[in-house]
Structure formats: structure tokens, C-alpha cells
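The values are calculated or read from the model by the stated rules, or taken from the named source; none is laboratory data. From a predicted model like this one, the values you see are computed outputs, not experimental measurements. For neighbour counting, all protein chains shown are included, and Cβ atoms are generated from backbone atoms with ideal geometry for every residue, glycine included.
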């Protein structure tokens with residue numbers, strides 16, 4: 001028995017297995033499960049989990065939904081009031097992870113180091129969002145593991161323009177809560 005344990009341990013340590021924190025995003029249209037890339041995007045993951053732990057996202061909405069592109073959330077409440085955030089974080093788009101379908105990434109302004117709380121989920125592969133010598137890119141920090149059908153459902157809701165908001169769902173898509181579920185061993189690089 002001890003030999004099997006030692007063998008299993010050495011296999012795990014010699015492979016590229018590592019821990020990834022899992023979170024569940026509960027919305028009013030279903031649940032989305034995400035595995036975070038703790039090792040590849042440590043600053044971004046820590047920042048996101050900080051907001052999760054203080055229930056920051058509870059009651060926020062998906063305020064920007066563009067079919068065949070992405071769905072964005074984490075900045076506005078149901079009344080379209082922008083929420084206060086902590087200080088911006090460093091862009092980690094140089095981590096080699098790509099903005100492929102199902103990945104979660106940080107939203108930011110034209111300043112590459114301006115991401116705070118807003119995030120988006122890619123509904124298709126968006127190579128234009130990846131870092132290149134001519135593009136600072138958007139930091140990928142996780143991937144949907146369950147609930148991509150919920151992401152797709154959100155991506156096809158009817159939207160409108162309201163004030164400064166473009167691509168705003170007519171019927172609010174609300175994040176009821178985000179919970180930290182567990183840590184698992186998994187190899188999830190998407191290069």
C-alpha cells in the first residue's frame with residue numbers, strides 16, 4: 001500500500017498537475033462553474049477572489065453582452081450604479097493563456113494596468129484580445145468547467161442602449177452570488 005502511495009505521489013509531482021481554485025457563479029438564469037488559473041495568473045486570481053470573499057459581485061449584473069464575442073459583468077448593480085473598486089492591478093496577459101471560447105478574463109480600459117473588478121467570459125475564441133508585440137492583451141485567469149450553456153444563453157439575450165451603456169440586456173442578468181467551491185488538481189493550460 002505504501003509503495004502505491006509513493007508511486008502515485010511521485011507521478012503527481014512529476015507531471016504538470018497543479019491546484020486550481022473553483023468558483024460557482026450563480027445567476028438568475030443558471031450556474032456557471034469556473035476553474036481559476038491560480039499559478040498562471042496569481043495577481044489576477046488573488047484580486048478576483050478578494051472581491052468574491054467580500055461578496056462584491058452579489059447583485060451585480062451582466063451589463064455588456066455581445067453575441068459571438070463575450071459577456072461582461074462585475075461593475076454595476078441592478079440600478080446601473082457603478083460600484084466602487086479597489087486599486088487596479090498589473091496586467092498578466094503575458095502568462096501565455098489565450099482568450100479562447102469559455103475562458104474568463106479581466107476587463108480594463110485602454111490602460112493595460114487598469115483592471116479592477118470587471119471580468120468577461122469569451123463566447124468564442126478572440127485572438128485579438130491576446131497579448132502580442134503590438135497589443136498588451138487581456139489577462140485570462142480561468143475557464144468555464146460547467147455551465148457553458150448558461151453563458152451561451154446569456155450571450156443571445158436581447159440588448160439595448162441605455163445612457164452610456166451599450167449592449168445592455170433588456171431583462172437583467174443578475175449575479176446572485178459567487179462562491180468559492182474547492183481546489184482540485186488539474187492540468188488546464190490552453191496555449
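Numbers below:
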{"item": "Among (1) surrounded by fewer than 20 Cβ atoms within 10 Å (Cβ to Cβ); (2) at positive phi; (3) outside any loop (DSSP other than H, G, I, E, B) - the single one residue 80 does not satisfy", "result": "(3)"}
{"item": "Among the residues listed as 24, 58, the single one being modelled with pLDDT of 95 or more, assigned to a strand (DSSP E or B) and farther than 16 Å from residue 137 by Cβ", "result": "24"}
{"item": "Answer from 85, 116, 60, 145 - the residue that is touching a residue at least 12 places away in the same chain (Cβ under 8 Å), more than 29 Å from residue 160 (Cβ to Cβ) and in contact with a strand residue (DSSP E or B) (Cβ under 9 Å, 6 or more places away or on another chain)", "result": "145"}
{"item": "Test set (1) within 12 Å of the chain's Cα centre (by Cα); (2) over 20 Å from residue 177 (Cβ atoms); (3) assigned to a strand (DSSP E or B) - residue 64 fails condition number", "result": "(1)"}
{"item": "Within region 131-177, strands (runs of 3 or more DSSP E) holding 1 or more residues that are under 20 Å from the mean Cα position of the chain (by Cα)", "result": "140-146, 165-169"}
